[in-house]
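K.L.:
Structure incoming, see below.
The values are calculated or read from the model by the stated rules, or taken from the named source; none is laboratory data. Predicted, not measured: the structure shown is a model, and the values here were computed from it. With ideal geometry, Cβ positions are generated from the backbone for all residues, glycine too; neighbour counts draw on all protein chains shown. These area figures cover heavy atoms from the full protein model, side chains too; ligands, DNA and RNA do not enter into them. Shrake-Rupley method; radii C 1.70, N 1.55, O 1.52, S 1.80 Å.
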Amino acid sequence: MHEVTGNRSGLKPSEISALERVYRRRVAPREVVSAELGAYLCEISRALARQVGVLISRQGAVEHVIVGDASGLVLPEVGRLRAGHGRFRGLRLVHTHLRNEALSRDDLVDLALLRLDMVAAVGVNHEGRPADLHVAHLVPPREGKSPWILLPPAPFHRASVDFVEIIDSLEQEFDRVLPTGRATRGAERALLVVAEIGKQRGQSETRVHELRELCRTAGIQVVDVAIQRRPEPDPRYLIGRGKLEDVLVRAMQYDASVLIFDPDLSPGQAHAIASFTDLKVIDRTILILDIFAQRARSRDAKLQVELAQLRYRLPRLQEENTMMSRLVGGIGGRGPGETKLEIGRRRARERLHRLEKDIEQTRRQRAGRRSARKDRGLPVVAIVGYTNAGKSTLLNGLTGSEVLVEDKLFATLDPTTRRLRFPRERELILADTVGFIRDLPKDLAQAFHATLEELDDADLLLHVVDAADPDRDAHITAVERILSDLNLAETPRLLVYNKTDRLLPEEKSLLEAGGRNLAISALDRPTILPLLAAMEHALWREGHSVGGYTD
């Protein structure tokens, strides 16, 4: 027997039985609701002084019966979508309104968030009979307009809404307007949610651009962006419940499959938002970790990525239920025992401990290799900078190597070292490191600390900057802050503006003003020659060396 869901408190057994009998009713496929079912719902609703609703399948069967209160009802969990992206759920909601009022905001939000075929309200008159029929359905995205259309209300017994005709035309229109999963070849479709909190105002454009680049690197298609400005974050939903509802409606409009938040969500916020929607919910750190997981090739990189992922996810494990508790007997062992959540956390901690031991071993191996290099008396120059500034391209230009180069963020994860020989029989070790990014996730920085130890032994840092990036000054500040956090603020460095081939001549001249900065294009060998001279001068100044290295 199907059960009645919703607010059952205070109902008599006879009233619950009357509601259960609704399951026996059927509706013709072309009808929104039959005259008999509408009249029966109004009769029960009037007797209970509560709203009563049904979810009807496209075959006309009543799938759920819901009872609410005088002002609304709460829909039950209706499972996954009937079909693929861009499709409707295959259910329509028909419910009563005790004062014959129009569809409410909550009705329309449920229509959008659940992707219902249609939502209809049958008004109840003072005699407990159907009054007017109010109907709304979704429409494809329209610039600046709502995602739904409300049909003109009509007297219930004279309403002529052809459900099959409307839903067929809507599905065709959605398929025409929205690229489906087939058109995007399985790529995730993301809606970006950027919250400007307090003093962050005015930074949204920069943050959106960087988030778009991260999505491009991860192979995610961005379909829309939502920006919310708040004096302080909402403790539960970051952007507030009302704004979150608007975001989810837009996600439905654009057939998004994932929401990406910036700044990062707290464990409580992530859980609350994920419970609010069927969409995948991630934040900027998870996106960066996913990129690192895609890029990891060596064993060291894979270990460090897994460690960072575990450190980030461990406090975010949430208990779903206690159904999987393990019962154990004996004195002191009675009760629910170890829950599934506790087992998951324990195994995660055990794996975390093993990863830390493995990474410590690789750290000692790298330390041994660095010690061997130092014994040979070769200075070390490390290339650092914001991600995608052209560090690997510069390494290739200086040493003639063929290190992987891509116009994507975090193309390099593992430190790459090459030997560079100067004409005067001088040599050095040139090391390329993982790119930095603003607000570098703490878990990621800790996991890659072993890799960044290459910088500890550097005698000179080449701080490479993308000169053509409009946010280059902010990138310089971010890199300098990270270097300071790594206790490298006192290490000598050269500021190298790269990609100057994309600048106007006067812009390049401004960068070189004062003679302290170097403006190059890593793809143009002649422009690199002054950098080589500056490196040689910094390491071997006027006949004496830096760090004890001799000619």
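K.L.:
I'd like to know if segment 307-330 contains one or more residues that are buried (at least 16 other Cβ atoms within 10 Å of the Cβ), more than 30 Å from VAL208 (Cβ to Cβ), modelled with pLDDT under 75 and of a type in the set (Gly, Ala, Ser).
P.N.:
yes
K.L.:
For segment 481-506, give me each residue that is surrounded by 14 or more Cβ atoms within 10 Å (Cβ to Cβ), in contact (Cβ under 8 Å) with a residue 12 or more places away in the chain and assigned to a helix (DSSP H, G or I).
P.N.:
Start the filter on segment 481-506 by keeping residues that are surrounded by 14 or more Cβ atoms within 10 Å (Cβ to Cβ), which leaves 481-483, 486, 488, 491, 493-501, 503.
Restricting the remaining residues to those that are in contact (Cβ under 8 Å) with a residue 12 or more places away in the chain gives 482-483, 486, 488, 491, 493-501, 503.
Hits for segment 481-506 are ILE482, LEU483, THR500, ASP501.
K.L.:
Related question: Can you name the residue in segment 25-49 that is of a type outside the set (A, V, I, L, M, F, W, C) and over 44 Å from the mean Cα position of the chain (by Cα) and, of all such residues, is least open to solvent (accessible area, probe 1.4 Å)? Break it down stepwise before answering.
P.N.:
Taking segment 25-49 first, the residues of a type outside the set (A, V, I, L, M, F, W, C) are 25-26, 29-31, 34, 36, 38, 40, 43, 45-46.
With over 44 Å from the mean Cα position of the chain (by Cα) added as a condition, the list becomes 36, 40, 43, 46.
Details: GLU36: 116, TYR40: 36, GLU43: 115, ARG46: 121 Å².
This residue is TYR40.
K.L.:
Inside segment 407-449, can you point out the residues that are among the hydrophobic types (A, V, I, L, M, F, W, C), surrounded by fewer than 16 Cβ atoms within 10 Å (Cβ to Cβ) and modelled with pLDDT of 70 or more? Before you say what the answer is, go through the steps one by one.
P.N.:
Step one: of segment 407-449, the residues among the hydrophobic types (A, V, I, L, M, F, W, C) are 409-411, 413, 420, 422, 428-431, 434, 436-437, 440, 444-445, 447-448.
Still in the list and also surrounded by fewer than 16 Cβ atoms within 10 Å (Cβ to Cβ): 422, 445.
Result: PHE422, single match.
K.L.:
Out of the residues in segment 520-540 that are in contact (Cβ under 8 Å) with a residue 12 or more places away in the chain and farther than 15 Å from LEU398 by Cα, which is farthest from the chain's Cα centre (by Cα)? Steps first, please.
P.N.:
Residues of segment 520-540 in contact (Cβ under 8 Å) with a residue 12 or more places away in the chain: 520-525, 527-528, 530-532, 534-536, 538-540.
When the remaining residues are screened for being farther than 15 Å from LEU398 by Cα, the result is 538-540.
Values: ALA538: 43, LEU539: 44, TRP540: 48 Å.
Within segment 520-540, the match that is farthest from the chain's Cα centre (by Cα) is TRP540.
K.L.:
Which one of these is among the acidic types (Asp, Glu) and open to solvent by 50 Å² or more (accessible area, probe 1.4 Å): GLU213, GLU232? Before the answer, list the steps.
P.N.:
Details: GLU213 fails: open to solvent by 50 Å² or more (accessible area, probe 1.4 Å).
When all the criteria are applied, what remains is GLU232.
K.L.:
Any residue that is of a type in the set (A, V, I, L, M), over 14 Å from the mean Cα position of the chain (by Cα) and either surrounded by fewer than 17 Cβ atoms within 10 Å (Cβ to Cβ) or not in a loop (DSSP other than H, G, I, E, B) (or both) - is there at least one of those in segment 278-291? Before you say what the answer is, go through the steps one by one.
P.N.:
Residues of segment 278-291 that are of a type in the set (A, V, I, L, M), as a first pass: 279, 281-282, 286-289, 291.
Within this subset, residues satisfying the condition of being over 14 Å from the mean Cα position of the chain (by Cα) are none.
No - not one qualifying residue is present in segment 278-291.
K.L.:
While we're here: Can VAL109 be described as of a type outside the set (Gly, Ala, Ser) and either in a loop (DSSP other than H, G, I, E, B) or crowded, with 20+ Cβ neighbours inside 10 Å (or both)?
P.N.:
Numbers: of a type outside the set (Gly, Ala, Ser): yes; either in a loop (DSSP other than H, G, I, E, B) or crowded, with 20+ Cβ neighbours inside 10 Å (or both): no.
When the stated conditions are applied, VAL109 does not pass them.
K.L.:
I would also like to ask the following. May I ask you to list the residues in segment 1-47 that are more than 11 Å from VAL65 (Cα to Cα), without any contact (Cβ under 8 Å) to a residue 24 or more places away in the chain and hydrophobic (A, V, I, L, M, F, W, C)?
P.N.:
Listed by number, the list holds a single entry, MET1.
K.L.:
In segment 1-24, what count of residues is obtained for those that are open to solvent by less than 70 Å² (accessible area, probe 1.4 Å) and part of a loop (DSSP other than H, G, I, E, B)? Steps first, answer last, please.
P.N.:
Taking segment 1-24 and keeping what is open to solvent by less than 70 Å² (accessible area, probe 1.4 Å), we get 4-7, 11, 15-20, 22-23.
With the extra rule that they be part of a loop (DSSP other than H, G, I, E, B), the set shrinks to 7, 11.
Total meeting the criteria: 2.
K.L.:
Looking at (1) crowded, with 17+ Cβ neighbours inside 10 Å; (2) touching a residue at least 24 places away in the same chain (Cβ under 8 Å); (3) in contact with a strand residue (DSSP E or B) (Cβ under 8 Å, 6 or more places away or on another chain), can you tell me which one TYR237 breaks?
P.N.:
(3)
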